[in-house]
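Step one of this worksheet: look at the structure below.
The values are calculated or read from the model by the stated rules, or taken from the named source; none is laboratory data. Source: prediction; values computed, not measured. Using ideal geometry, Cβ is built from the backbone for each residue, glycine included, and neighbour counts are taken over all protein chains shown. To get the accessible areas, we keep the full protein, side chains included, count just its heavy atoms, and leave off ligands, DNA and RNA. Shrake-Rupley method; radii C 1.70, N 1.55, O 1.52, S 1.80 Å.
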Amino acid sequence: MASFPDSVNENDIGKAKFIGELLVPVAPFDQKSGREAWTVAFAPNGSYFAWSQGHRIVRLIPWTKCLKNFSTGHSGEPTNAWSPRRSSLQNSSEGHQGIPETDEPREHTIDCGDIVWGLAFGSSVPEKQSRCVNIEWHRFKFGQDQLLLATGLNNGRIKIWDVYTGKLLLNLMDHTDIVRDLTFAPDGSLMLVSASRDKTLRVWDLKDDGNMVKVLRGHQNWVYCSAFSPDSSILCSVGAGKAVFLWNMDKLTLIRKLEGHHNDVVSCEFSPDGALLATASYDTRVIVWDHHTATVLLELGHLFPPPSPIFAGGANDRWVRSVSFCPDGLHIATITDDRRVRFWSIEERAPQAIASLSNGLCCASSAEGSVLAAGTRDGSVHFWECPRSVAGLQHICRMSLRRVMTTQQVEALAIPTPLRDYLAYKVI
């Protein structure tokens with residue numbers, strides 16, 4: 001069994017540029033379970049980076065500060081708080097004993113009270129009103145510059161924090177098992193969806209003081225991950241089963257299930273224009289779907305020759321742990337158990353760049369699209385540059401069009417077939 005097809009020479013694949021890493025000081029009793037960085041997240045406005053660094057702790061760091069110190073490390077001039085190309089959080093905290101500038105974002109260390117499994121940033125748009133229109137008074141009034149962090153815990157609770165102050169705002173209690181994943185609607189409505197091992201997804205309205213709007217049922221086992229489409233109209237959820245669930249978030253009903261994986265599906269993400277959906281599975285594959293038509297457009301394999309459904313449905317050393325679209329819409333990053341990070345182009349079936357990573361668990365792309373962050377079992381986070389390419393005018397126009405048109409609407413256009421197929425991503 002190989003990690004690449006016979007037609008691909010691993011030595012010919014580019015090496016992803018390593019930027020830096022965030023390390024957690026290790027105590028003797030921390031050697032066992034509980035140290036995993038199960039999730040990493042970038043704020044939608046690019047101001048903060050957060051990750052669960054193990055046990056009960058979430059760390060919030062201004063993203064510009066991260067990049068600045070990584071850059072300093074590359075120049076070979078270490079500072080008191082950072083060593084070249086890496087940071088020790090213990091030292092980093094000591095470097096902030098002085099009084100910070102009032103306008104400078106500050107670091108926060110948040111003790112959530114239990115093991116943290118899920119993280120999500122949410123920002124508010126005042127024009128987006130709560131669905132609960134009959135309530136005239138709310139405990140919280142969210143301004144336009146409000147930035148929240150939701151944390152999903154081992155005890156089934158969800159805690160909502162003010163990112164700028166580090167203060168606890170809400171404590172949501174309804175799940176009966178681990179809250180594995182959280183995601184905010186990107187439209188600024190502060191609609192939050194939680195995915196849990198209690199086999200349900202729950203929809204919360206934070207503008208209605210965190211009241212629960214709906215319980216979405218349908219999964220027969222643990223729910224691992226969920227993701228909103230860019231326009232917030234569709235939710236994808238995946239879990240300990242082979243199906244991919246699509247939900248209508250206006251009606252809060254199930255649209256359809258996508259069938260094609262042979263093992264648990266553990267990660268999902270929509271492309272920036274909402275036209276594509278990528279799902280990662282323990283069956284060693286990432287599938288890129290046209291979710292509007294329920295068709296498979298592309299399969300990214302991580303084991304060759306491709307395993308049989310029986311082998312793919314069992315234990316193997318090529319489980320795909322996480323998938324993330326780069327904001328350019330042209331590249332996809334994957335984390336696998338074969339100790340590699342792969343950067344794929346949707347126009348090719350072989351990785352464009354690779355990097356080594358032991359015990360990777362999760363990944364996320366920065367808001368501006370230049371960096372990929374990956375969390376590991378030891379609580380550390382590693383950063384790489386995403387592949388850089390100048391998108392063609394055709395692709396830019398396609399993304400602009402697909403942000404507002406479904407595949408069915410594209411296929412109804414009176415345009416030449418090659419152009420229609422290109423706009424529908426049938427040519428990847």
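Side notes on the structure shown:
- Restricting segment 358-428 to GluC sites (Glu not before Pro) that sit in a DSSP loop and have at most 16 other Cβ atoms within 10 Å of their own Cβ leaves Glu368.
- Charge tally for Ser389 (other residues, Cβ to Cβ under 11 Å; Lys, Arg +1; Asp, Glu -1): -1.
- Per-residue SASA remark: His175, around 20 Å² accessible (1.4 Å probe; ligands, DNA and RNA not included).
- Anisotropy class of segment 270-311 from Cα gyration tensor, a/c 1.5 cut: prolate
- Whole-number D in µm² s⁻¹ for segment 290-428, Kirkwood Cα-pair radius fed into Stokes-Einstein, 20 °C, 1.002 mPa s: 128
- A simple count of charges around Arg197, restricted to other residues whose Cβ falls under 10 Å of its Cβ and scoring Lys, Arg +1 and Asp, Glu -1, yields 0.
- Relative contact order of segment 248-402, pairs being alpha-carbon contacts under 8 Å that are 6 or more residues apart, as %: 16
- Mean-position separation - Cα centroids, segment 336-400 and segment 248-262, in angstrom: 26
- For Lys167, the lysines whose Cα comes closer than 22 Å to its Cα, not counting residues fewer than 8 places off in the same chain, are Lys65, Lys141, Lys159, Lys207.
- Percent of beta bridges antiparallel (DSSP, the chain, rounded to nearest 5): 95
- Think of a 1.4 Å ball rolled over the protein heavy atoms: segment 304-389 then has 36 Å² of accessible area per residue.
- Mean separation of Cα contacts under 8 Å, 6 or more apart, over the residue count of the chain: relative contact order %: 14
- Our helix-only sum for the chain, with -39,500 (n - 2.57) per DSSP H run of n ≥ 4 divided by its residues, gives a mean residue ellipticity at 222 nm of -2500 deg cm²/dmol.
- Applying the criteria of a DSSP loop state and at most 13 other Cβ atoms within 10 Å to the trypsin sites (Lys or Arg not before Pro) of segment 160-230 yields Lys167.
- Estimated translational D of the chain in µm²/s (Stokes, Kirkwood radius over Cα pairs; 10 °C; 1.306 mPa s): 72
- Among the listed pairs Lys17/Lys242; Lys15/Lys242; Lys199/Lys242, those beyond 25 Å (Cα-Cα): Lys17/Lys242; Lys15/Lys242
- Neighbour-limited loop hits for trypsin sites (Lys or Arg not before Pro), segment 285-361 (at most 14 other Cβ within 10 Å; DSSP other than H, G, I, E, B): Arg339
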